[in-house]
1. Among the residues of the range 50-71, is any among the basic types (Lys, Arg), under 30 Å from residue 89 (Cα atoms) and at pLDDT 80 or above?
2. Run residue 90 past the list (1) modelled with pLDDT of 85 or more; (2) touching a helix residue (DSSP H, G or I) at 6+ places or on another chain (Cβ under 9 Å); (3) among the β-branched types (Val, Ile, Thr) and report the number of the one that doesn't hold.
3. Might you check whether a residue that is out of contact with any strand residue (DSSP E or B) (no Cβ under 9 Å at 6 or more places or on another chain), closer than 30 Å to residue 39 by Cα, aliphatic (A, V, I, L, M) and surrounded by 10 or more Cβ atoms within 10 Å (Cβ to Cβ) occurs anywhere in the range 97-114?
4. Condition test on residue 120, is it modelled with pLDDT under 85 and either among the hydroxyl-bearing types (Ser, Thr, Tyr) or exposed (fewer than 11 other Cβ atoms within 10 Å of the Cβ) (or both)?
5. Can you run down the residue pairs with Cβ atoms below 8 Å, 6 or more apart or on separate chains, where the first is in the range 59-84 and in contact (Cβ under 8 Å) with a residue 40 or more places away in the chain and the partner is part of a helix (DSSP H, G or I)?
Amino acid sequence: MNFFMLNLKTSMNKVHRELHTTIKKLNLIRMNINKQTLIRWKIYFDRARMYIGYFQFLMLVVIFINSIRNNAFGKYLVEYSAISIPLLFVVFVGGSLFLGYLDSRMGIRSEEMRNLSYHNPIQREMLEILKELRDEKKKEKS
């Protein structure tokens, strides 16, 4: 019985070594997944999500146009599409600019950027260095 177990263990070790060398040859183990790789992948996903959002918006416009065709306003838009589509585009751009203006005027964007900058470790370190330099300069003047 011991001979059988020893032989089985030796065979399993050989199989394991062969499998390991085969995987090494295929370079499957060489993939280094660390924090930087995950951050890079997150950035790629965020960029892709932005482009998917554009596509979804265009699909929403198409669905809206198809659903509005059945009422009087929609028939008017389709009948005079040479005027109505550019007019709707101008209204959309104007509305977007107005919402952006309100966002800036209310300070939402600046507060968001301040918050993001505060949580960014590199910018926080730069801010601390600047504060130290300012304090040193004040001490020199005193």
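The values are calculated or read from the model by the stated rules, or taken from the named source; none is laboratory data. Predicted model only: the values in this text are computed from it and were never measured. Don't worry about glycine lacking a Cβ; one is built from the backbone with ideal geometry, like all the others, and counts go over all protein chains shown.
1. Checked the range 50-71: no residue is among the basic types (Lys, Arg), under 30 Å from residue 89 (Cα atoms) and at pLDDT 80 or above.
2. Against the list (1) modelled with pLDDT of 85 or more; (2) touching a helix residue (DSSP H, G or I) at 6+ places or on another chain (Cβ under 9 Å); (3) among the β-branched types (Val, Ile, Thr), residue 90 comes up short only on (2).
3. yes
4. no
5. Every condition considered, no pair remains.
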